[in-house]
1. Taking segment 279-305 only, how many residues are of a type in the set (A, V, I, L, M), in contact (Cβ under 8 Å) with a residue 60 or more places away in the chain, more than 23 Å from Ile236 (Cβ to Cβ) and surrounded by fewer than 22 Cβ atoms within 10 Å (Cβ to Cβ)?
2. Can you report the number of residues in segment 425-476 which are assigned to a loop (DSSP other than H, G, I, E, B) and of a type in the set (D, E, K, R)?
3. May I ask you to verify whether Leu261 is part of a helix (DSSP H, G or I) and open to solvent by 10 Å² or more (accessible area, probe 1.4 Å)?
4. Kindly provide the set of residues from segment 567-601 that are of a type in the set (Asp, Glu) and open to solvent by 80 Å² or more (accessible area, probe 1.4 Å), ordered by number.
5. Somewhere in segment 241-248, is a residue in a helix (DSSP H, G or I) and β-branched (Val, Ile, Thr)?
6. Need the failing condition index for Thr201 against (1) over 22 Å from the mean Cα position of the chain (by Cα); (2) open to solvent by 10 Å² or more (accessible area, probe 1.4 Å); (3) modelled with pLDDT of 95 or more, just the number.
7. Hey, can you tell me all the residues within segment 306-322 that are open to solvent by less than 10 Å² (accessible area, probe 1.4 Å) and in contact (Cβ under 8 Å) with a residue 40 or more places away in the chain?
8. Between Thr526, Thr506, which is buried (at least 21 other Cβ atoms within 10 Å of the Cβ) and among the polar types (S, T, N, Q)?
Amino acid sequence: MARDKWDSLKESRVPVIHIGTATCGTAAGALDVLESVQRTLSENRLEATVVQVGCIGPCYLEPLMDITMPGSPRVSYANVTPQMARSIIERYLIKGDPSLELAVGHFGSNGNGHFDGLPKFFEMPMLKPQVRVVLRNCGFIDPEDIDHYLANDGYVGLAGALEKRPEDVIAEVKEAGLRGRGGAGFPTYRKWEICRSVPGTTKYMICNCSEGDPGAFMNRSLIESDPHCVLEGLLIAAYAIGANHGYVYINSEYLLAIARLKRATSQMREYGLLGDNILDSGFSFDIIIKEGAGAFVCGEETALIGSIEGRRGMPKSRPPFPAIAGLRGEPTIINNVETLGALPNIIRNGAAWYRQFGVKGNYGTKTFSLVGKVRRPGLIEVPLGIKLRQIIFDIGGGSQKRFKAVQTGGPSGGCLSEEYLDIPVEYESMTAAGSIMGSGGMIVMDEETCAVDLALYFLHFTQNESCGKCSPCRVGTHHMVDILERIAKGQGEMEDLSKLQVLAETVARASLCGLGQTAPNPVLTTLRHFREEYLQHIKQKHCSAAVCRELVEYEIDPAKCNGCQRCVSVCPTQAITGARSELHKIDLYRCIKCKACYEICRYDPLAADAIVFRSIRSAS
């Protein structure tokens, strides 16, 4: 039945319109586009099938809308507005004109010459270097229709696992070389072996979707776009370790992901994929969706377990490890969303197939949320071992202005300068460089990012998210924030740098959990790679990126101002005055130093590059 439904969609006799309505697309206006599509079809009495899909990856192209006419390739349109959607549908579905000047690519064969000159979607620069394993269904299937997943080999991996002994499933995962994608990179099979060897009939399997890193959205996007992929992996893992009870721990603000998880689990029960005696195998399993409050520390295993148990999310000292004594004192395995999403592919295709991706010791692929000052932001999946340079420049299109650094691993990671662009993205290489791969957040920065402000931002985050249980993290991060704030205000002294270094190293060594142990990484790496900027803030009382507001003020060069009023139009506090074609002035008492005037004056071709910033504190 599922295959028939899918085939009828692929071979439809009426047009099929795909619209990406995951969070990224929705934020860009996809629901308005969807409404416009439905209204246009109704008003013109056109017959078509409209399918809502998840995130295909390139967020900079959202909203995305694809149209497949019978017998023709699927054509993709980007940055679609409601008016644009109406125009495309009326031109294509009524007049047969595919509006190729508005299209960005197509899927499938163009052998009939109909779309000559239009590139294939996955030949686009952002997508060509990628390898889609975990994301293979994202943007193609309706995440709320289990038949779409089943028709694309869904639950074939589970069926194959249930035909094997649990020990054989673990051996297959070991042979594949899968390592935890939550950040630590611990071999997945090893945790499973420990848990399975512990005596007892009650064991728990938990999917960790506590995603708290600023700029990270890999887990949310995967669940929104292909929830059954993750749930199938959860069942495979549960069968391997001997668990009959499972949880998906997810941020409560992930409303769409939660809704699609609930719908998916309901469909699984209807199809006999949850509950007792799944697929007549004797294996029974059920899932509870647990909504967390979004605490960053609950990404740590023991804190997550405490939250599920109804306690405040605070880490515990280990041993015992959760694999031996976890939830309610029973053996418990916690795997990341992406780790579980890889499992159906491994069991279905085999370990040798999976090992063809990546490099020795770092097999498979990794998803990243590529964001920040990059030209092509979005969700990507690449083979491990790829160079940072390839990700940032080949896939991301480079930084918007001159590249400065990349923050990998979120607040727990490090800031890597240009000299590290050619290191391979592997667990060991990233750690050796002073950063981590983490769960997959990757924030690109350009020359207008201040290293001091960056370190302060991330340390503020981790200090606020500290559970406060251990004093190195609770007190140490507080003092580090105080020092960084003084430096950012131009009140720092040279001895502050040595204090920062000692505090950072102490917090890293003495903290109880991974949050505290990695919290100093942004400080340590910016001190190492951008020490000159710290010295500039301390000695010259100057921020070259014009980010630290107490160190700069803006003024208008009367020799260059042409009175275009561009700066007047963007000033949020009406601090800039002046009639058209007359010299403008900035009221420094009303100026909030938001930099909007400087940006538009510098980069608007109609402006005159007349606004400059200067240091307001004299050198000591």
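The values are calculated or read from the model by the stated rules, or taken from the named source; none is laboratory data. Fair warning: this is a prediction, and the values are worked out from it, not measured in the lab. Every residue, glycine as well, gets a Cβ built from its backbone with ideal geometry; the counts of neighbours run over all protein chains shown. Just so you know, the surface numbers come from the protein's heavy atoms only, side chains and all, with ligands and any DNA or RNA stripped out. Shrake-Rupley method; radii C 1.70, N 1.55, O 1.52, S 1.80 Å.
1. Qualifying residue count, segment 279-305: 1.
2. 4
3. no
4. Across segment 567-601, the qualifying residue is only Glu582.
5. Yes, segment 241-248 has at least one match.
6. Single failed check for Thr201: (3).
7. Passing the criteria: only Pro315.
8. Step by step, each of Thr526, Thr506 is checked, and only Thr526 is buried (at least 21 other Cβ atoms within 10 Å of the Cβ) and among the polar types (S, T, N, Q).
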